Amino acid sequence: MQTLVIDTYKVITRLQQKGFTKDQAEALVSAAQEIDLSGIATKEYVAEKIYQQTWQLVFFMAAQAALIVALIKIFQ
């Protein structure tokens with residue numbers, strides 16, 4: 001399970017500066033640390049999927065162009 005890695009002291013201090021009590025700030029940071037990030041897509045994953053889909057699109061466009069050329073030749 002991937003979790004959020006943060007500087008807890010820094011975040012708690014900032015939250016307190018914004019008006020949160022120490023207990024509230026600590027509870028928020030504790031909750032944030034328990035968030036499961038394993039389902040979040042990485043930049044690399046998204047880039048790979050875009051690359052794959054681009055090549056699929058190119059393939060289908062080429063196949064469509066070949067089909068159109070074949071149909072034109074058949075019906076001439």
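Counting only protein heavy atoms and a 1.4 Å probe, the chain has 89 square angstrom of accessible area per residue. Within the accessible surface of the chain, defined with a 1.4 Å probe on protein heavy atoms only, the carbon and sulfur portion equals 63 percent.
Tell me the accessible surface of residue 26 in square angstrom (1.4 angstrom probe, heavy atoms of protein chains only), to the nearest ten. Residue 26 exposes around 70 Å² with every protein chain in place.
Global size of the chain: 26.2, 81 Å for Rg and Dmax (C-alpha atoms, Rg to one decimal, Dmax whole).
Label-to-label distance, residue 44 versus residue 76, with points set 7 angstrom from Cα along the beta-carbon direction: 5.0 nm. The HN-Hα couplings worked out from phi for the stretch 44-56 by the Karplus form 6.51 cos²θ - 1.76 cosθ + 1.60 (θ = phi - 60°) are 5, 4, 5, 4, 5, 5, 4, 4, 4, 5, 5, 5, 5 Hz, whole numbers, x standing for Gly and Pro. Between the helical axis of 8-17 and the longest alpha-carbon principal axis of the chain there is an angle of about 70 degrees. A simple spin-label model places the labels of residue 58 and residue 32 4.2 nm from each other, with each point 7 Å out along Cα-to-Cβ. Per-residue ellipticity at 222 nm, computed for the chain from helices alone with -39500 (n - 2.57) per DSSP H run of at least four residues, works out to -24000 deg cm²/dmol.
The values are calculated or read from the model by the stated rules, or taken from the named source; none is laboratory data. In this text, all values refer to a predicted model and were calculated from it rather than measured experimentally. Note that each Cβ is placed from the backbone with ideal geometry, even for glycine, and that neighbours are counted across all protein chains shown. Keep in mind that these areas ignore ligands, DNA and RNA; they rest on the heavy atoms of the full protein, side chains included. Shrake-Rupley method; radii C 1.70, N 1.55, O 1.52, S 1.80 Å.
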